[in-house]
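Accompanying notes for the structure given below.
The values are calculated or read from the model by the stated rules, or taken from the named source; none is laboratory data. Every value quoted in this text rests on a predicted model; they were computed, and no experiment measured them. Quick reminder, even Gly has a Cβ in these numbers, built from the backbone with ideal geometry, and neighbours come from all protein chains shown. Side chains included, ligands, DNA and RNA excluded: accessible areas come from the protein's heavy atoms. Shrake-Rupley method; radii C 1.70, N 1.55, O 1.52, S 1.80 Å.
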Amino acid sequence: MDTATALNAFALAVSPLPGVTQPPGAAADVRSGTLAVSWVYQHWAQLSQAQQQAVDAAVSVDAWLAPGQGGGAQAPEVVVATCRGAVTDSAGAEGYRPEVDRLVAELGDRLGRHLRLPLYLTVNTTAPPGAASEAWAYAMTCTPTAGPDDGHPVCWLHLNPQFSGATPTGRTAILAHELGHCFEYDLIGTDTYRMPAWLSEGLATFWMEPFTSDEPSLIAHWDRYLTSPEASLYARTYDAVGMYAHMQEAGLSPWQLGDQLMLGWQRAFAQGQSEAASDDAAFAPVANNVQFLQTWASGFAMGRRPGPAWTITEWPGLARVTDRYTPEQLAVGNGFQRDLPITAAADLLVRLDLQADVVQITTTAGTRGLLGPDGSGDRTLADMNGQPLCAVGTCTCPAGTASAGVTLPALGHGPAYLEASGGTGAGSVRVVGETVAQACAQPPSSCLVGTWRSTSMTGRVPAVDMNEQGGAGVGLRIGADGAAQATFTGMSPVTFTASSGGVGSAGRLTFAGTGTVQFTLPAGSASGYLPTGHSDLSQVTISLALTKPTAVTVYDHKAVTATSANDPLGNGAAQPPLFGGGTFTCSATTFTLTNALPDGSATTTWTFERQ
């Protein structure tokens, strides 16, 4: 969004500005003007002095930029806004105050926090001179320079003439949206003006859903979302509501997690990180959730394939949303190959016709999704990744081929939906169709290849009667070349007990960060020894605390490469055993890795489920 767009939006939604010519045509029906206010503040330094003065006069605020506080010389400037004088409810506000107070209380209950900012209503009965259009309402935050709130920020809700003529349900919906902005201001202050619209407007739009099932503007936002899976979340505004709806259906309630997303963005912004990095910081807690990412794109099918993953039902008003995305149709025959790109924080939905003898679907790291063949159940892309799959009944590799005697797993023939998302990064999906002879010319791949998540870790050190358990939630992705990446952040703690010399001890440890290791994959084997090569633990940290015989923190997010070999748990305790290789068993759904020292002095077993 550039400066010209910001100026045009403000002139359209709030008040005319010097040097800004409003576009020709009928006046637009603008429900909320808050985004327009935020946009001009994002480009404040590019506005002329006359334009800044006109903005200030239109919203009765004096605004300027001040040095940031969060990251030294790299911290971006922040918006400072003071209200002109005291702020109080205007004439006519009493008619709306009961509804506003009710909505503030309900929003607070749903968010788990109540509005601390004083809230005031200004009811405007006339439009600004020369205005071709005007938003129904807008909200802002500023600090009064007089009155009982002198020196303390408030939320100031402006209700314009069009608002009074709306239906009761329409007024409720718009009030809920604007009050959502008040809760945003209450959390991060004027940084909200700099926050990306997919966060500020997307959350406020989602938060208005419980209060309406027929608001036309909300239906329009859903129309835009459902017809553009390829659009990056970071480029969305109000239509980001669809992503938040999917969060809700994936068990990640935006009512509980919205604050975490906003604070994540604010921290990155205050440190002077780039716009893209700040977006990633906000979205990462959601994008890193397997259930969310694996079924994000499938919702765009909107019921054209059976199953809850292939539709969105979160908002009752979706029955009124008629627009649908038309996925590209791809005929996958022998000799077919296509790389399907996925924009960062966006989605892919295509319709395949599987006509080849063998199909291989390979994804880039971090990409998740499903294949939904007609007439059979969903298959995760992680489970299929890089595997040759038979689409014509039974495919057994003949003698004399590299994979002689191997029977390729069955996939099925005919139409199928393919959906995928790349999370915070860009991704791609490669679809290949080939003959049985071509597939069998390649050595058999290992069942270890794929994406896994730990369900448990158990450990035993007999000499000190030590027992360990826990460790669920570690992500592990193993490529066809044996290159593996483990993500420890978010893992469940490993608790331990031990006894030596009559003294008992207990505690807990967790790892965080991401590490890599090179495995040597045994071809086609479902069990055996898994050797390891080079590993990189430089980005992995450990937190270790003893609770017995005395409470003490040994390590607090300390780099494992900087830990002592003589820590309280003995040599090597600070190294994730997962990186030591060992004996393994694997199947289509589970994988175990047991690391045992040659002398039997310590044994650790990790158990994983395929994602």
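Filter segment 215-240 down to the residues that are within 11 Å of Ala173 (Cα to Cα) and either in contact with a helix residue (DSSP H, G or I) (Cβ under 6 Å, 6 or more places away or on another chain) or crowded, with 17+ Cβ neighbours inside 10 Å (or both) and list them by number. Listed by number, the residues that qualify are Glu215, Ser217, Leu218.
The number of residues in segment 425-449 that are assigned to a loop (DSSP other than H, G, I, E, B) and modelled with pLDDT of 95 or more comes to 1.
Restricting to segment 204-213, name every residue that is touching a helix residue (DSSP H, G or I) at 6+ places or on another chain (Cβ under 6 Å) and surrounded by fewer than 24 Cβ atoms within 10 Å (Cβ to Cβ).
Within segment 204-213, Phe211, Thr212, Ser213 qualify.
All of (1) closer than 17 Å to Ser298 by Cα; (2) surrounded by fewer than 18 Cβ atoms within 10 Å (Cβ to Cβ); (3) of a type outside the set (A, V, I, L, M, F, W, C) hold for Gln337 with one exception: (1). Restricting attention to segment 370-407, the residues that are under 20 Å from Asp481 (Cα atoms), among the polar types (S, T, N, Q) and surrounded by fewer than 14 Cβ atoms within 10 Å (Cβ to Cβ) add up to 0.
Matching residues to (1) assigned to a helix (DSSP H, G or I); (2) more than 24 Å from Glu209 (Cα to Cα); (3) open to solvent by 10 Å² or more (accessible area, probe 1.4 Å); (4) among the charged types (D, E, K, R):
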position: Gln248; (1), (2), (3), (4): yes, no, yes, no
position: Leu252; (1), (2), (3), (4): no, no, yes, no
position: Gln256; (1), (2), (3), (4): yes, no, yes, no
position: Leu261; (1), (2), (3), (4): yes, no, no, no
position: Phe269; (1), (2), (3), (4): yes, yes, yes, no
position: Gln273; (1), (2), (3), (4): no, yes, yes, no
position: Ala277; (1), (2), (3), (4): yes, yes, yes, no
position: Ala282; (1), (2), (3), (4): yes, no, no, no
position: Pro285; (1), (2), (3), (4): yes, no, yes, no
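Looking across Thr451, Thr435, Thr520, Thr495, one residue alone is crowded, with 16+ Cβ neighbours inside 10 Å and of a type in the set (Val, Ile, Thr). It is Thr451. Quick check, is Thr497 of a type in the set (Ser, Thr, Tyr), touching a His at 6+ places or on another chain (Cβ under 8 Å) and in a strand (DSSP E or B)? Considered against the rule, which asks whether it is of a type in the set (Ser, Thr, Tyr), touching a His at 6+ places or on another chain (Cβ under 8 Å) and in a strand (DSSP E or B), Thr497 comes out as no. So in segment 408-424, with the set limited to residues that are open to solvent by 10 Å² or more (accessible area, probe 1.4 Å), part of a strand (DSSP E or B) and of a type in the set (A, V, I, L, M), which one is farthest from Gly377 (Cα to Cα)? If we take residues in segment 408-424 being open to solvent by 10 Å² or more (accessible area, probe 1.4 Å), part of a strand (DSSP E or B) and of a type in the set (A, V, I, L, M), then Leu408 is farthest from Gly377 (Cα to Cα). So, in segment 454-486, of the ones that are farther than 26 Å from Asp599 by Cβ and part of a loop (DSSP other than H, G, I, E, B), which residue ends up most open to solvent (accessible area, probe 1.4 Å)? It comes out as Asp481. Residues in segment 290-346 that are in a loop (DSSP other than H, G, I, E, B) and among the β-branched types (Val, Ile, Thr) were compared, and the one that is farthest from Met491 (Cα to Cα) is Thr322.
Only a single item in (1) open to solvent by less than 10 Å² (accessible area, probe 1.4 Å); (2) part of a strand (DSSP E or B); (3) under 22 Å from Leu293 (Cβ atoms) is not met by Val359, and it is number (3).
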